[in-house]
1. With the Cα gyration tensor of the range B:239-359 giving a ≥ b ≥ c as the square roots of its eigenvalues, does the rule (a/c under 1.5 for rounded; else a/b larger than b/c for prolate; else oblate) give rounded, prolate or oblate?
2. Using only the Cα atoms of chain B, what do you get for the radius of gyration and for Dmax, in Å?
3. Over all distinct Cα pairs, what is the inverse of the mean 1/r for the range A:1-149, reported as the Kirkwood hydrodynamic radius in Å?
4. Any idea what log10 I(q)/I(0) is at q = 0.12, 0.17, 0.19, 0.21 Å⁻¹ for the range B:97-180, Debye with uniform C-alpha scatterers and no solvent?
5. Search the structure for amide H atoms under 5 Å from the amide H of B:Glu296, placed 1.01 Å from N in the peptide plane, and list their residues when 5 or more places away or on another chain.
6. Find the all-direction average of the projected area of the Cα convex hull for the protein assembly as shown, expressing the result in square nanometres with one decimal place.
7. Could you work out the relative contact order of the range B:212-368? I mean the mean sequence separation of Cα pairs under 8 Å and 6+ apart, divided by the number of residues, in percent.
8. Going toward the positive end of the dipole of chain B, with +1 on Lys and Arg Cβ and -1 on Asp and Glu Cβ, which of B:Asn367, B:Phe270, B:Val164 do you reach last?
Amino acid sequence: MFFQVRLFRGLFSPYVAAHQLHKAEQIHGIWTRTSMILAISLILAGISAFFGIGNESLSKQIYDVSAAEFENMKALFAVGQVVLSMLITTALIFFPALVFWVFTDIEYSKLVVIGLLTAAISLLEKAMLIPFQLFFGLDEASSPFGLGVVAQYVTRLEFLIQLLGNISIFSIWMMVLHYLYLKWTTEKKNGVLLLIVLSTNLFIWIFSALFSYIKFEVML
Amino acid sequence: MNRKKWTVLAIIGLLLAANLFLIFKKESKIERAAYIGEWTEVKEQDLVLSKNKSGVLVPAQEEYVYYQAGSGIFEEFLVSEGEEVRSGEALFEYSPVDIEATISSFEAEISKLDREKEALEDNIDDLEKLERTTSFGDDNPYADSIVNSFSAEISEKKWELGKVEAEIDKYNDLIDIAEDGLRSLTVDSGMAGVVKDISYELQNPVVTITSHDMKVEGVLDEDEVLEIAEGMEVAITSNKLPEKLKGTVSSVSVNPISDPKLDEESQYSFTVELEEQPETLIPVGANVGLKIKVAEAQDVLTVSEKAIRKDSIFVLGRDGKVQKREIEKGLVVGKTVELISEGEEGELVAYEPEGLKNQAPYFTPINISKLSKTELTTMPKKEILRYIGRGLLTK
């Protein structure tokens with residue numbers, strides 16, 4: 001039988017979907033769903049960039065350049081932001097899938113389906129963050145959904161704050177989803193799966209925190 | 001299953017509540033950026049606060065000429081309504097009361113003398129009658145002497161009569177002389193202008209003369225009368241005038257036009273003196289527009305009133321951070337406010353600032369209308385890639 005990728009079903013009835021996935025021999029709709037996810041990623045990033053979210057580093061140049069040039073700079077910056085967002089989404093889909101494929105015997109395409117689901121969650125998080133970023137000027141590390149806020153009260157270490165900020169309701173959901181799907185589609189021991197899932201997600205969080213901590217943009 | 005779901009939801013709820021509290025509490029440690037959607041500039045300019053009113057052209061001066069009823073006999077008016085008169089020109093004639101009184105007294109004397117004359121003539125007649133009767137009476141040795149005494153008395157009376165008649169003649173002559181020398185006196189105009197009104201019934205003022213020069217009169221209400229003061233410059237306009245006229249407020253009345261009444265708006269009159277009289281023909285009574293310069297501030301820093309919130313402005317700092325600055329307001333003209341406190345021309349301030357914090361880094365949305373395709377093509381490729389790269393690396 002074949003498995004039709006349906007994101008809502010996959011997210012909210014994971015047990016049923018996982019078992020169907022496990023039993024399926026063919027998977028339909030991966031590329032359409034992938035394009036859809038990427039399209040949504042593009043749109044969300046576009047909206048966010050359009051409002052200038054994240055372009056504080058350009059603001060001081062408002063006195064140095066003409067109005068037209070200033071807007072142009074922001075537009076180009078926005079292009080970069082959108083590209084980054086799409087790259088991240090792509091990585092979220094395919095990288096964990098790759099790791100899981102190495103450590104388990106599940107077909108890669110099935111793991112990509114899991115990747116699509118988790119990517120959808122991350123997009124949901126991004127969408128819910130936009131109002132907070134726009135109206136309250138909060139950055140990702142100060143998301144009300146994550147541990148970054150508490151971290152800022154507890155420590156002064158920037159890296160730690162970024163790391164804890166990456167641990168949010170949504171990222172934990174993603175991790176849980178990884179675990180459940182793997183559990184229901186493979187024979188491997190739960191303990192092993194837990195380890196794999198934890199380390200993969202942890203790796204992602206640390207990598208993301210590093211990327212935020214090292215301000216690459218000042219090099220340009 | 002339900003219990004698990006509820007605990008999860010509870011934990012999520014708790015986390016959210018705790019986070020929101022920590023974010024929004026006073027003296028929160030969470031740094032927030034400021035979204036600045038619109039901004040405006042601090043400009044250096046002249047501010048003029050004017051008030052627009054309307055007024056009406058009236059003669060600058062009016063002269064009222066009076067005639068005292070008892071000062072003589074009014075003879076005639078020498079000018080007519082609407083006629084132009086020069087300064088010093090005679091307006092009307094009258095004969096003064098002195099000579100009339102003199103003549104009257106002469107005439108009274110004559111009357112008295114006439115009566116005396118009559119009395120004397122009667123007396124003489126009586127005496128002559130007695131003389132005749134006595135001379136035709138008995139042979140009386142004393143008859144002749146009586147007749148003689150009558151004659152003597154008659155002569156005396158006749159002599160007195162002669163004197164009285166001479167007096168009468170004298171007075172008649174005097175009257176003639178007085179009447180000959182009777183000069184008519186005139187009253188002249190004190191200024192050049194036009195005869196506005198003549199009272200043929202001799203109601204005072206008998207003649208009203210208005211000047212050619214004009215001024216403007218207008219009306220102020222209770223609030224305006226406190227704002228407008230003498231000396232303020234005024235620009236006068238009319239569709240009948242090719243150019244604006246310049247003038248100054250010459251007076252603002254302290255008392256209202258009509259007696260103050262409860263719950264009725266009081267009105268106050270004010271006048272504007274013209275610097276130069278209009279060269280084109282414009283009628284007295286024409287309605288004109290007035291622009292009164294109430295206050296002025298030259299070369300001052302100004303900002304839109306929409307940029308001010310609770311006496312502060314939010315300056316877009318050159319370091320990329322918002323600077324909250326308390327300001328002192330000066331003159332306000334419409335939506336523009338004079339800044340008395342420190343500031344620089346060209347500084348950018350947030351428009352309609354809402355919830356902006358001091359020292360917050362600010363970000364601005366992309367204003368599509370200001371994007372320029374041509375500017376983009378002139379940008380060196382290196383620059384283009386640099387900005388894209390910065391967006392790519394910022395997280």
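1. Because a/c hits 1.5 or more and a/b exceeds b/c, the range B:239-359 counts as prolate.
2. In Å, with Rg to one decimal and Dmax whole: 50.8, 189.
3. Across the range A:1-149, the inverse of the average 1/r is 17.3 Å.
4. -0.50, -0.72, -0.81, -0.90
5. B:Leu49
6. 56.3
7. Value for the range B:212-368: 20 percent.
8. B:Asn367
Any read-out appearing in this document is the output of simple, stated calculations on the displayed coordinates, not a laboratory observation. Owing to the predicted nature of the structure, the values given are computational and were not obtained by experimental measurement. Note that each Cβ is placed from the backbone with ideal geometry, even for glycine, and that neighbours are counted across all protein chains shown.
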